[in-house]
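Visitor: Sharing a structure below in C-alpha cells format, with a few things to ask.
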Amino acid sequence: MKASAPAKIILFGEHAVVYKRHAVVTAINLRCYAEAKKSDEIRIYSPLGVTGLDFKVHPYVSYAIKRFSEVKPIDGVKIRIESDIPIASGLGSSSAVTVAVLKALDGEFDAGLSKDEIFELARKVELDVQGIGSGTDPFVATFGGTWLIPDRKPIKIGNVKLLVINTGESSITADMVRKVAELRGRYPKIVDGIFDTIDVIALESVEPLEKGDIKTLSELFFLNQCMLKAIGVSSKRIDELVDRLAELGVSAKITGAGGGGCVIGIGDDKSIERAKSVFGGILVEAGAEGVRFENESKV
Ligand code: MEV
C-alpha cells in the first residue's frame, strides 16, 4: 500500500510552541511518499540507504514500524521511501516520512487507524527519536491545512505568496531545541519573556493571514525573526540572507528549528518575484492536504 504526507512551514511561533505558546503552521505542496509491502523480513529502502530495522540510519521509519507493531504485530515488511522534501531543512521531512510510513502500514496490514491514531503514533515516534518536541510537525503532516496551535483552530490563509529558500546548512531539530532549553535554564525569566512575545506575535498574525494583509505580516515576520535570533537559533548565513531579502522588499524569517535550514519570505508580488530570481527558492502553496493513500505513488 502506498501513502504520502506533506511538508510543513511554521509561519510563526517555532520553539515557543515547545513551551505551550501559540504557533501558526501550514502544510505545503511538497510530499514524502512511502510504500509498504508484506514480507518475511524488515527492509527499508530510501535515499539514505537500504537497511533492516536501523535506528541510526532510518530512525523515524524504524520507530514508526516498531510503534505500529505494538498496535498490530507484523512478521516483516518492505518499506520504500521517496521524498520531495529536503532533509534537515526545517520543512518537517522527519514527521512527513513517519506519518506516510504509518499510513502505508495501516493500509497494508488493514489496521483501520483513524487520523487521530496515526497522529498519536507519530507523536510517540517524534519523542522516541528526539526526546523532545511539541508535536506540531506530526500534527500538520497528519491533518494538513493551516492551524493555530495548540488550540487546533483552522485558519484560512488569504492571498499571500510565500517564498521558501534553503540556506543549505542543515538544521537538526533536537539539537536546536536542546540549545534553547539550555539558554532557558540559564535565563528562565528572559527566555520565557521572549516566548510570551512570540505567543502574542502568533496570535496577532491570524487576522492578517486571513485577510492577506502583507504589510502587517511582514512586520510580524521581522519581529518573530528578531526573537528567534535572540534565543540563538539564527546563523550568520540566515542573518545575511534575511538582510539581503529585506533590501529587495521581502521580510523573511527562519521556519522550523533554525541553525540553518530554510527561511520563508513574504512580500508583494513584485518583490517576491525579484527575490526568487536572485536567490532561487520555491513559491509554496499553503494548506496542502494531510496524509493520504496514493494510487499512483512516485515510489
Ligand atoms: C520544529 O519544526 C519546530 C520546533 O518548534 C520544535 C517543535 O515544535 O517540536 C523548533
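Visitor: Just flag the GluC sites (Glu not before Pro) in segment 147-213 sitting in loop per DSSP whose Cβ has no more than 11 other Cβ atoms within 10 Å.
Guide: Here no GluC sites (Glu not before Pro) fit, given the DSSP loop and packing criteria.
Visitor: LEU48 to ALA230: extension gain in nm, 0.36 nm per residue of separation minus the Cα-Cα distance?
Guide: Gain on extension, LEU48 to ALA230, equals 62.1 nm.
Visitor: Can you give me the three principal axis dimensions of segment 2-152 from its C-alpha atoms, in Å, biggest first?
Guide: Per principal axis, max minus min of the Cα coordinates gives 45, 28, 27 Å.
Visitor: Taking the Cα centroid of segment 99-158 and of segment 228-299, what is the distance between the two, rounded to the nearest whole Å?
Guide: 22 Å
Visitor: Further question: Output ³J(HN,Hα) for segment 6-15: one whole-Hz value per residue in order, computed from phi by the Karplus curve 6.51 cos²θ - 1.76 cosθ + 1.60 with θ = phi - 60°, and x for Gly and Pro.
Guide: x, 6, 9, 10, 8, 7, 8, x, 4, 6
Visitor: Run the quick spin-label model on ASP243 and ASP192: label points 7 Å from Cα toward the beta carbon, then report their separation in nm to one decimal.
Guide: Roughly 3.5 nm, to one decimal.
Visitor: Let me ask something additional. On a straight-distance basis, which lysines could pair with LYS38 in a cross-link, Cα separation under 20 angstrom, same-chain partners fewer than 8 positions away excluded?
Guide: LYS2, LYS66, LYS72, LYS78, LYS103, LYS298
Visitor: Evaluate the distance, in nm, between pseudo-label points positioned 7 Å from the Cα of LYS215 and of ILE87 along their respective Cα→Cβ axes.
Guide: 4.5 nm
Visitor: Now a separate question. Starting from the Cα of ASP269, step 7 Å toward the Cβ, then list every residue of segment 201-244 with an amide N under 20 Å from that point.
Guide: 209-218
Visitor: Next up: How compact and how long is the chain, expressed as Rg and Dmax of its alpha-carbon atoms in Å?
Guide: Reported Rg and Dmax, both Å: 18.8, 58.
Visitor: Something else: Within segment 1-83, report the GluC sites (Glu not before Pro) that DSSP leaves as loop and that have at most 14 other Cβ atoms within 10 Å. Mind showing how you got there, number by number?
Guide: Details: sites: GLU14, GLU35, GLU41, GLU70, GLU82; in loops: GLU14, GLU41.
Sparse-neighbourhood loop GluC sites (Glu not before Pro): GLU41.
None of the figures in this text is laboratory data; all of them are computed from the coordinates on show. Computed from a predicted structure; not experimentally measured. All Cβ positions, even for glycine, are placed from backbone atoms using ideal geometry, and neighbour counts span all protein chains on display.
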